[in-house]
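The values are calculated or read from the model by the stated rules, or taken from the named source; none is laboratory data. It should be emphasised that the depicted structure is a prediction, and the values quoted were computed from it without experimental measurement. Because the Cβ atoms are built from the backbone with ideal geometry, glycine has one as well, and the counts that use them run over all protein chains shown.
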Amino acid sequence: MSGPRAMVLRTAGTNCDQETSEALRLAGAEPSVRHINEVLADKGLLATFDVLVIPGGFSYGDDVAAGKILANELRFKLVEALDRFVARGKRIIGICNGFQVLVKAGFLPGSADHSQTVTLANNDSGQFQCHWVRLKREKSACEWLDDTATRWELPIAHGEGKFIPLDAKTLATLEKRRQIVFRYSGINPNGSIGAIAGICNAKGNVIGLMPHPERHVSISQHPEWSRSQHKQKVPVGLQFFRGAVGLQTMD
Amino acid sequence: MLTKDSPLVQKIAILKGSDSQLLEISRKGLLSLNLQEMKVIQAYFKKLGREPVDAELETLAQTWSEHCKHKTFGGVIEYEEEGRGSRVYDNLLKSTIMRVTEELDRPWCWSTFRDNAGVIAFDEDWGIAFKVETHNHPSALEPYGGAGTGIGGVIRDILGVGLGAKPVLNTDVFAFAPRSLSPKLIPKGVLPPQRIINGVIAGVRDYGNRMGIPTANGAVYFDEGYVANPLVFCGTVGLIPKDKVEKSVQTGDLVVTLGGRTGRDGIHGATFSSAALEEGITSSVVQIGHAIMEKRTMDVLLQARDRGLYRGLTDCGAGGFSSAVGELGAETGVRVDLEKVPLKYHGLAPWEIWVSESQERMVLAVPPANWLELSELCGSEGVEATIIGQFTNDHQLNLRYEGETVGLLDMEFVHEGMPRVHRKAAWYHPVAEPKSAKRPRFQQRDYGSTLLKLLAHPNIAAKKWVVRQYDHEVQGGSVIKPFAGFDQRGPNDACVFRPRLDSIQGVVVSNGFNPSYGELDPYWMAACAIDEALRNLVAVGGNINHAAILDNFCWGDSQDPRELAALVRACQACYDIAKGFGVPFISGKDSFNNTWRDPNGKLRSIPRSLLISAIGVIKDITQTVTMDTKQPGDWIFLIGETREELGGSHLWKVLDKPPQGTVPHVQVAKARECFELLHQAIGKGFVRACHDLSEGGVAVAAAEMAFGGEFGMDLDIHKALVPHAIPDSALLFSESASRFLVEVPPMARPGFEALLKGYCAALGRVTKKRTLILRNGRTRRILLKQPLERLRAAWETIA
Amino acid sequence: MHGTYIIEVRHKAGVADPVGRGLFEDLRSLRIEGLRRVAFSQLYRLAGDLRPEERARIAEDLLVDPVTQTFQDGSLVPQTAEKEKTRGTYIVDIWFKTGVTDVASESVIKGIRDLDIESVSEVRTGFRYRFLELPSRQTAETLAVTVLSNPLVHDRFVNRELDMAKTFARRN
């Protein structure tokens, strides 16, 4: 078996790399966890992969701001390789801390000069929050998600997840270009503007989201798996990764 | 060497010291060595014909501290009990707690009481390591830093067990004074409860979350007795390959330090943690943890382990290098060149480098041939690794600084030379047996409001405000979470998780902690803590035949014969009950002299506190259950006998009355059989929900199950098994041990009843109506009828 | 020009400040006269040969979130000594004591080096709480000790906002 090659990027403080790898493996990809120092030392390495996943965690302790220091490494030391990767239509997926990194490195929502036009600020509660949330998947530029469920349930675990666009125009552009992929439904856990939980670039091949799809790839991860109504479905996290690696999404 | 004067070392003149001078030296040097110990040290150096130097005395003080050596537990205790004569315990730990392990001799216990943590088998190739530590005194002074370094320390214990285990779960149990405590009751110099609570919770949160280890089990307990001395128990579970459980340091191996740099942090932490809290502690004992440093260290360490780059490993905890290197080199001897240790800043004396407790450091024994590879691996991820010495074959501890000897001790004296303490313990029965006149008096209409008060009591109420701040999902293995239901509707009894995502096997972790029984009877307190931990484990689907427990004692003044007698009784119960259940202890820790001065200047001991943490292996995680009601029409069974055991119960707390009556007893032979049968019933699929009965008894458990699943219940509590007739108040609120409420589908009822014959009674059914009804079937009266919304609102009160 | 510089990172006007608001809510029960708002900002103390444009780059490219934050590049402010019973805006700065681990400082140094600025020798991080307003310096001192810091690990500096403005005026 040789599925798409997926790089799971890790650095000091990354901590969701193992389960993200497992999720990719379940989805049919061939995951490989690589340290940022290795990727910086060998600039050709990235191009040998089909998918790049920046997983959750606290890169560099989230010192200064969540994801900021890793974002700067990407922005100042790896930008050409990443731009080529995106231009070829390969997918970049940022989950939680990875989303924060992509936003602060200017890959999301995405602009030629990598300027930052949206952010993920402190939750309105002022605290780290870990619990499950309900999401609505929008019909977005991420067409590879079109076959997945529209109602999602995933856990969040973050202190800085409040989505804020620079201005109303930025938000309007996101809406117009179908770059909003996920919105919180019911409870908006962090006060995100527009209840936005995940966005993509205009082409739909770079995506970031605060909730953790890799934490819902098997049935027993769901808080109500032992209640009968949850027994049969394909977990939405697995649908997400199957879509991301370009394989079928529904069972 | 060492006889000449040197600017590097300071000699301490003890050879001619009188008793009082020896004590003064110990006191002034913050050594916490007692007279007997100082005299043994004096005799040792007399034999050598020279005075000791600073690093040597410090080494002995660290190694012989209560923190590192179980002085009280390992000593000789003369125990006397009123009316029952006396008994000598020669090493209390070995003759009670460790004896259970020895006598049970379980083949799946791979490592017990000899390493950083206990290790049991997970499957044929993998083991599960578990350790729980306390970090009380630093958390009282600087809650955020103290608690953070507490969790950091126990994670390093797991990283340092055998040749290293991967941390897969954290568990935290905290005991605080309530936020509502009157400022008049807070002694001078003590932080108010609010700051301690917030600081401790944030400290553990920021460290644990950054490490990427799920925190999915724990408890927060409130009692005024913890005002100046909060308890911060931090536990970590690790996953370790079977062939990495043993260390084998060899002569010629390099001593390598890995991770953080050494500063003046935490000097005298080990000796300080055994000394009672007093005002005027210097700031060097408090530290701020650096989680990402530890995470980076862990990342390279586990890779180095899998490549087989080292033969021995331990963490730097209390006592710093002096304990870590001293322990690794105990069998061989070791030479350390202290000037090679990477420092945070200049100006540390050799002895300070040696005993510094800077965080995030590990010590490895590395064969010289592997050094280059290890060094490159560490370099590639920006982790500092440095050779600081070599293991020898001379059985000596040889400390040098730029070639000059700054300390030289025989390993045997360091590890075996400590004189044993002799202490007296005396027990007098504290309270008379309950009289019926002491029963709580109830108007019938009060039952409902009492239940609401119980649900809102800080010890019972939902701790979502804490739990939600901890990442309990990271690593993706979560099966049974802290709360049942999507919206965290009810409290699960234990956590279950998969440490290996490619396996359907799970690990269950639970705990038992009930200090409120300890004042009345420490024997039954300990018994109930064990029962509670195992009950919680069984309630979610665990099997007591593949389970182990840990003991963590936090006790008061060990010189006080009464407190010490209470300890002896608790230990005796640990033997009797654990043996009765057939569940071995695999590790433990004790913290003594948790004393403080109240605002009137009186020396007080904390409530007698024993945390029992249980861990077990579950063969198939699909055979686990949560506590929430799931289907209207299902039967609700009460398992176990209900007796009038309200001593130390939470009923008295919410009625604002002093605790009185009989503390719950454990009938261990029956309990064991019952736990085994219930486990079988869960395995056969007879059980849709199960919840253990603890604080607040049947009433609280039924309410939690009902609002947890958003289905009501209609139960006749007079159907309960009772050996003697007891009043309604006891049926509702007694905290009798070894009991569960179980939801059984009608189809499974015959099978369930046949299996648990003699242990179970059907009380009623799950209802579609969202109301909890508890009746007295004899009088046909409704004792209590409450809508679930109201019950849940009470439970969600933020204390 | 070797020096020590303090960069304050504040929220832009109108952006939510959960830390400041949370503290304000916690202080409500104390019924402090005149207190309308608490604002939180992060402080960075940089030591090294840093030209103003380098400091600006560090702030803009590393320390500040362009969507929600702005910064002020100031110098070290000495603590005013005079006793004051004046009502006004008070500022409490909290820093870790020398020798106490300042976890974030290492990352900030790395972040600065990633900008190809090598001349930073030391970084310390701190917190600033701006109280609008307090009845006296004494109230600010009390809050600093009882709520915001632990003397075992923190240094604290209390100033009136006016002092800062004056100091800047004098220096510039």
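Quick check, is B:A565 out of contact with any strand residue (DSSP E or B) (no Cβ under 6 Å at 6 or more places or on another chain) and assigned to a helix (DSSP H, G or I)? Can you show your working first?
On the way: out of contact with any strand residue (DSSP E or B) (no Cβ under 6 Å at 6 or more places or on another chain): no; assigned to a helix (DSSP H, G or I): yes.
Taking the combined requirement at face value, the residue does not satisfy it.
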Margin query: As an exercise: evaluate B:G580 against (1) under 20 Å from B:G218 (Cβ atoms); (2) touching a helix residue (DSSP H, G or I) at 6+ places or on another chain (Cβ under 8 Å); (3) of a type in the set (G, A, S) and give the number of the one condition it does not meet.
Written below: (1)
Next item on the list: Report yes if B:P659 is away from every other protein chain (no Cβ under 14 Å), under 25 Å from the mean Cα position of the chain (by Cα) and closer than 23 Å to B:N511 by Cβ, otherwise no.
Entry: no
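Where in segment A:1-92 are there strands (runs of 3 or more DSSP E), lying wholly inside it, with at least 3 residues that are away from chain B (no Cβ under 13 Å)? Don't jump to the end; show me each part of the working.
Details: elements: A:5-10, A:30-35, A:51-54.
It comes to A:5-10, A:51-54.
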Note to self: I'd like the full set of residues that are modelled with pLDDT under 95 and either touching a helix residue (DSSP H, G or I) at 6+ places or on another chain (Cβ under 6 Å) or of a type in the set (F, W, Y) (or both), limited to segment A:78-105.
What the structure shows: none
Margin query: Please count how many residues of segment A:96-146 are in contact (Cβ under 8 Å) with a residue 24 or more places away in the chain, over 21 Å from A:G13 (Cα atoms) and of a type in the set (A, V, I, L, M).
Written below: 6
Margin query: If A:T20 meets every condition in (1) among the β-branched types (V, I, T); (2) free of Cβ contacts under 8 Å to residues at least 60 places away in the same chain; (3) over 30 Å from C:S41 (Cβ atoms) apart from one, which number is that one?
Written below: (2)
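Would it be correct to say that A:W132 is among the aromatic types (F, W, Y), closer than 23 Å to A:A195 by Cβ, assigned to a strand (DSSP E or B) and out of contact with any helix residue (DSSP H, G or I) (no Cβ under 6 Å at 6 or more places or on another chain)? Give the steps one after another, and end with the answer.
Numbers: among the aromatic types (F, W, Y): yes; closer than 23 Å to A:A195 by Cβ: yes; assigned to a strand (DSSP E or B): yes; out of contact with any helix residue (DSSP H, G or I) (no Cβ under 6 Å at 6 or more places or on another chain): yes.
Answer is yes for this residue.
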Margin query: I need the helices (runs of 4 or more DSSP H) fully contained in segment B:681-799, keeping only those with at least 1 residues that are modelled with pLDDT under 95.
Written below: B:728-733
Margin query: For a quick check of your reading of the model, give me the residue pairs whose first member lies in segment B:466-481 and is farther than 16 Å from B:L501 by Cβ and facing chain A (nearest Cβ under 7 Å), whose second is crowded, with 24+ Cβ neighbours inside 10 Å and of a type in the set (F, W, Y), with beta-carbon atoms closer than 8 Å and at least 6 apart or on different chains.
Written below: none
Checklist line | Verdict on B:D531 being part of a loop (DSSP other than H, G, I, E, B) and either at pLDDT 95 or above or not basic (K, R) (or both) | finding: no
Margin query: B:I460 - would you say it is farther than 20 Å from B:E224 by Cα and more than 8 Å from chain A (Cβ to nearest Cβ)?
Written below: no
Item checked: Matching residues in segment A:194-203 - criterion: being in contact (Cβ under 8 Å) with a residue 24 or more places away in the chain and in contact with a Lys or Arg (Cβ under 8 Å, 6 or more places away or on another chain) -> A:G194, A:I196, A:A197, A:A202
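Kindly establish whether C:L43 is under 16 Å from C:G126 (Cα atoms) and either in contact with a Lys or Arg (Cβ under 6 Å, 6 or more places away or on another chain) or at pLDDT 95 or above (or both).
Details: under 16 Å from C:G126 (Cα atoms): yes; either in contact with a Lys or Arg (Cβ under 6 Å, 6 or more places away or on another chain) or at pLDDT 95 or above (or both): yes.
Yes; evaluated as a whole, the condition is true for this residue.
Suppose we filter B:A547, B:A570 for residues that are within 30 Å of B:R688 (Cα to Cα), in contact (Cβ under 8 Å) with a residue 12 or more places away in the chain and either in contact with a Cys (Cβ under 8 Å, 6 or more places away or on another chain) or among the aliphatic types (A, V, I, L, M) (or both); which single one remains?
Values: B:A570 fails: within 30 Å of B:R688 (Cα to Cα).
Result: B:A547 is the single residue among B:A547, B:A570 that is within 30 Å of B:R688 (Cα to Cα), in contact (Cβ under 8 Å) with a residue 12 or more places away in the chain and either in contact with a Cys (Cβ under 8 Å, 6 or more places away or on another chain) or among the aliphatic types (A, V, I, L, M) (or both).
Look through segment A:135-163, keep the residues that are within 14 Å of chain C (Cβ to nearest Cβ) and part of a strand (DSSP E or B), and return whichever of them is farthest from A:P109 (Cα to Cα). Break it down into steps so the answer makes sense when it comes.
To start, the set of residues in segment A:135-163 that are within 14 Å of chain C (Cβ to nearest Cβ) comprises A:158-163.
Those left that are additionally part of a strand (DSSP E or B): A:158, A:162-163.
Numbers: A:H158: 20, A:K162: 15, A:F163: 12 Å.
Across segment A:135-163, the extreme among qualifying residues is A:H158.
In segment B:608-647, which residue that is closer than 30 Å to B:D557 by Cβ and out of contact with any strand residue (DSSP E or B) (no Cβ under 9 Å at 6 or more places or on another chain) is farthest from the other protein chains (Cβ to nearest Cβ)? Give the derivation first.
Residues of segment B:608-647 closer than 30 Å to B:D557 by Cβ: B:608-614, B:645-647.
Then drop every residue that is not out of contact with any strand residue (DSSP E or B) (no Cβ under 9 Å at 6 or more places or on another chain), which leaves B:645-647.
Values: B:E645: 32, B:L646: 34, B:G647: 36 Å.
Out of the qualifying residues, it is B:G647.
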Notebook entry, point to check: Going by the structure shown, is B:Q194 surrounded by fewer than 19 Cβ atoms within 10 Å (Cβ to Cβ) and either part of a strand (DSSP E or B) or modelled with pLDDT under 95 (or both)?
Noted result: yes
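Answer with yes or no whether B:L48 is surrounded by fewer than 22 Cβ atoms within 10 Å (Cβ to Cβ) and without any contact (Cβ under 8 Å) to a residue 24 or more places away in the chain.
Details: surrounded by fewer than 22 Cβ atoms within 10 Å (Cβ to Cβ): yes; without any contact (Cβ under 8 Å) to a residue 24 or more places away in the chain: yes.
So B:L48 fits the description; yes.
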Item checked: Residue list for segment C:94-124, restricted to those being within 7 Å of another protein chain (Cβ to nearest Cβ), in contact (Cβ under 8 Å) with a residue 12 or more places away in the chain, assigned to a helix (DSSP H, G or I) and out of contact with any Phe, Trp or Tyr (no Cβ under 7 Å at 6 or more places or on another chain) -> C:A104, C:G111
Next item on the list: Run B:E103 past the list (1) surrounded by fewer than 20 Cβ atoms within 10 Å (Cβ to Cβ); (2) outside any loop (DSSP other than H, G, I, E, B); (3) within 19 Å of the chain's Cα centre (by Cα) and report the number of the one that doesn't hold.
Entry: (3)
Margin query: Being of a type outside the set (V, I, T) and either within 13 Å of chain A (Cβ to nearest Cβ) or within 24 Å of A:A23 (Cα to Cα) (or both) is the filter here; which residues of segment B:492-516 pass it?
Written below: B:N492, B:C495, B:F497, B:R498, B:P499, B:R500, B:L501, B:D502, B:S503, B:Q505, B:G506
Checklist line | Qualifying residue in segment B:376-396 (condition: buried (at least 18 other Cβ atoms within 10 Å of the Cβ), of a type in the set (F, W, Y) and modelled with pLDDT of 95 or more) | finding: yes
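Just to be sure before I move on: is B:F592 at negative phi and at pLDDT below 95 in the structure I sent? Lay out the reasoning, then the answer.
Working: at negative phi: yes; at pLDDT below 95: yes.
Spelling it out, B:F592 is indeed at negative phi and at pLDDT below 95.
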Check: How many of the residues making up segment A:164-189 are more than 14 Å from chain C (Cβ to nearest Cβ) and either crowded, with 20+ Cβ neighbours inside 10 Å or farther than 13 Å from A:V133 by Cβ (or both)?
Finding: 11
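Can you pull out every residue in segment A:190-231 that is within 26 Å of C:P18 (Cβ to Cβ), more than 9 Å from every other protein chain (Cβ to nearest Cβ) and buried (at least 24 other Cβ atoms within 10 Å of the Cβ)? Before you say what the answer is, go through the steps one by one.
Taking segment A:190-231 first, the residues within 26 Å of C:P18 (Cβ to Cβ) are A:190-199, A:208-212, A:215.
Narrowing further to those that are more than 9 Å from every other protein chain (Cβ to nearest Cβ): A:190, A:192-199, A:208-211.
Selection gives A:N190, A:I196, A:A197, A:G198, A:I199, A:G208, A:L209, A:M210, A:P211.
Being crowded, with 23+ Cβ neighbours inside 10 Å and either without any contact (Cβ under 8 Å) to a residue 24 or more places away in the chain or among the polar types (S, T, N, Q) (or both) narrows it down to one of B:T595, B:T629, so name that one.
Values: B:T595 fails: crowded, with 23+ Cβ neighbours inside 10 Å.
Unique residue meeting the criteria: B:T629.
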